[in-house]
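Below is one structure; the comments refer to it alone.
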Amino acid sequence: MSTDSVVIVGTGVAGATAALALRTGGFDGNVTLIGRDQYLPYRRPTLSKDVLLSGMPVEKALLKPAAHWEDIAVAVRTGVTVTGGDTGARTLELSDGAALAYGSLVLATGGVARELPGLPPAPRVKYLRDFADATALRDELSRACSVIVLGAGLIGSEVASAAAKLGAAVTVVEPAALPLARVVPPSIGERLAGLQRAAGVDLLLGVRAGAITVEPDQVSVALPGGGVLVADLLVVAVGSTPDTGLAERLALRVNDGILVNEQYRTSAEGVYAVGDCARVPNPLEGGTYRAENWSAAQDQGTAVAQVLLGGAPAPTVPWGWSNQFGAVLQFAGWPAADDELEVDGPMDTASSDPFFARCHRDGALAGAVAMGRPKELRAVRGELSEQIAAAVAR
């Protein structure tokens, strides 16, 4: 590697994995990991799972203890943001007034929870993105008898699951026709809807929330047709947006994510981007995508380290999982609502039995969705990896 220092902005799993993989790969230059979060890198999937249900402390969620970062000589600077920089001079300006030079820069700034206009976080209004959000939400859930969740995506569904398990009366309001409409085909969404309703959740699909009124002792949400929902707590889970603020200040190419090539290089020399903030090429279908999940961010962190070490990045296939209502939903590749499904297992809405569905698009394998069938899902990931390797070799 020609540069003697790497600065990584973002202490999520993409940035942390890149730092770890650089050291594992033999890089002996300076590595600095900078993050706005006050904590050392931690496992974010625990936020809507273990933290909400059991109050897991941050120490148990850490990717590595503090001593490990010291042992491998990675400087981790928490509670700090990058306010600007010069990609020509390869320098950064930090929020604490310091300046930092780099040989290579990796942006792993992740995403931010999408907030509803005029509805900031408050004691009775919660968003979930980091550990502080999760502990605050856990405290409120322990007191709430009733909860409204706006959004039936991955985070909304997991929060609803945790709230129901903790004994609250839960209402989920989702404008789409089914839960996880952006992630899974309709027949699987119907099954997930069945799981929610079987757990006692009042699931309102195809419903767009109206005016929201926050009072000291309750929150109310207006519904189409004149109805009103009232609860102790409102959780807003309407998706996230890529954190591209720094990339824009550095004049990088941005379009719903930081645009990168197959080696995660941005439009500026020596600058790379990975994880939720990056829009990467799809080697099988063309175009670009943002993976927006833990596992893909981890894989991209490893891949960018391989590039920085002078190698070729291993093929990455988006994959992830979600724990909700007593089931583990798994997905890999690029499943979509209009895919043709090849299903093994029961798909009736009242069942919690395992199933496995291969997703085909235009006659080709596009991905898979499963519940309780990890072996088959890993096999599909392997198939897609082989297809990517073949496409790259052509």
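Just to be sure before I move on: is Ala314 in contact (Cβ under 8 Å) with a residue 12 or more places away in the chain, open to solvent by 10 Å² or more (accessible area, probe 1.4 Å) and either polar (S, T, N, Q) or not in a strand (DSSP E or B) (or both) in the structure I sent? The answer is yes for Ala314. Filtering segment 219-247 to residues that are over 30 Å from the mean Cα position of the chain (by Cα) and open to solvent by 40 Å² or more (accessible area, probe 1.4 Å) leaves Pro224, Gly225, Gly226, Val228. Picking from residues in segment 115-151 that are among the polar types (S, T, N, Q) and surrounded by 13 or more Cβ atoms within 10 Å (Cβ to Cβ), the one that is modelled with the lowest pLDDT is Thr135. The residues listed here are Leu192, Leu166; of these, the one that is open to solvent by less than 40 Å² (accessible area, probe 1.4 Å) and farther than 30 Å from Gly79 by Cβ is Leu192.
Please return the ranges of strands (runs of 3 or more DSSP E) entirely within segment 1-112 where 2 or more residues are of a type in the set (Val, Ile, Thr) and under 21 Å from Val260 (Cβ atoms).
Values: elements: 5-9, 30-35, 74-78, 82-86, 91-94, 99-101, 104-107.
Once the strands (runs of 3 or more DSSP E) in segment 1-112 are filtered for at least 2 residues that are of a type in the set (Val, Ile, Thr) and under 21 Å from Val260 (Cβ atoms), what remains is 5-9, 30-35.
As a summary of the residue check, Asp139 satisfies the conditions (1) touching a residue at least 40 places away in the same chain (Cβ under 8 Å); (2) not in a strand (DSSP E or B) except for the one numbered (1).
Does Asp50 meet the test of being acidic (Asp, Glu), buried (at least 16 other Cβ atoms within 10 Å of the Cβ) and more than 26 Å from Ala251 (Cα to Cα)? Considered against the rule, which asks whether it is acidic (Asp, Glu), buried (at least 16 other Cβ atoms within 10 Å of the Cβ) and more than 26 Å from Ala251 (Cα to Cα), Asp50 comes out as yes.
Inspect all residues belonging to segment 209-218 and state whether any of them is on the phi < 0 side of the Ramachandran plot and open to solvent by less than 30 Å² (accessible area, probe 1.4 Å). No, segment 209-218 contains no residue that is on the phi < 0 side of the Ramachandran plot and open to solvent by less than 30 Å² (accessible area, probe 1.4 Å).
Please work out if Gly257 is surrounded by 19 or more Cβ atoms within 10 Å (Cβ to Cβ), farther than 30 Å from Leu33 by Cβ and touching a Pro at 6+ places or on another chain (Cβ under 6 Å). Considered against the rule, which asks whether it is surrounded by 19 or more Cβ atoms within 10 Å (Cβ to Cβ), farther than 30 Å from Leu33 by Cβ and touching a Pro at 6+ places or on another chain (Cβ under 6 Å), Gly257 comes out as no.
For first residues located in segment 246-272 and of a type in the set (Phe, Trp, Tyr), partners that are open to solvent by 60 Å² or more (accessible area, probe 1.4 Å) and lie 6+ apart or on another chain with Cβ distances below 9 Å form the pairs Tyr272/Gln263; Tyr272/Arg265.
The values are calculated or read from the model by the stated rules, or taken from the named source; none is laboratory data. Note that the structure is a prediction, hence the values are computed from the model and not measured. Heads up, the Cβs are rebuilt from the backbone with ideal geometry, glycines too, and the neighbour counts pull from every protein chain shown. For the accessible areas, the whole protein counts, side chains as well, though only heavy atoms, and no ligand, DNA or RNA atoms are used. Shrake-Rupley method; radii C 1.70, N 1.55, O 1.52, S 1.80 Å.
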